[in-house]
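The values are calculated or read from the model by the stated rules, or taken from the named source; none is laboratory data. As the structure is a computational prediction, the values presented were derived from the model and not from experiment. Cβ coordinates were reconstructed from backbone atoms using ideal geometry, including for glycine residues, and neighbour counts include every protein chain displayed.
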Amino acid sequence: MSLISKSARVLANHNPRGTVRNDKNAEHVRASVWIEQEIATAVFLEHCLGRKIAVAVFIHNSVKREG
């Protein structure tokens, strides 16, 4: 069970994890997949289950948003 399921707040910090290439051979910097899953869990709990969860996300300027 995720810790987030009992939380009222989520604070996430997207730090660079590494450089990846897409199918067009373009490179970009990716953040941790784990933290993106935790944020998705918070969104699910709020949107689908009606729980109010405050979310603050800080993203390093080199990280590209994905998904």
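Scan segment 45-67 for residues that are of a type in the set (A, V, I, L, M, F, W, C) and under 27 Å from residue 28 (Cβ atoms) and the total you get is 6. Looking at segment 31-40, can you tell me whether even one residue there is modelled with pLDDT under 80, acidic (Asp, Glu) and either in contact with a strand residue (DSSP E or B) (Cβ under 8 Å, 6 or more places away or on another chain) or part of a helix (DSSP H, G or I) (or both)? The answer is yes; a qualifying residue exists.
Where residues in segment 19-46 are among the basic types (Lys, Arg) and more than 13 Å from residue 65 (Cα to Cα), which of them is surrounded by the fewest Cβ atoms within 10 Å (Cβ to Cβ)? Even if it seems obvious, please write down each step before you answer.
Taking segment 19-46 and keeping what is among the basic types (Lys, Arg), we get 21, 24, 30.
Next, only the ones that are more than 13 Å from residue 65 (Cα to Cα) stay: 21, 24.
Values: 21: 9, 24: 5.
Restricting to residues being among the basic types (Lys, Arg) and more than 13 Å from residue 65 (Cα to Cα), the top hit is 24.
With respect to the conditions (1) outside any strand (DSSP E or B); (2) surrounded by 10 or more Cβ atoms within 10 Å (Cβ to Cβ), residue 61 falls short on a single one, namely (2).
Report yes if some residue within segment 8-15 is more than 14 Å from the chain's Cα centre (by Cα), loosely packed, with under 10 Cβ neighbours inside 10 Å, modelled with pLDDT under 85 and at negative phi; otherwise report no. Looking through segment 8-15, at least one residue is more than 14 Å from the chain's Cα centre (by Cα), loosely packed, with under 10 Cβ neighbours inside 10 Å, modelled with pLDDT under 85 and at negative phi.
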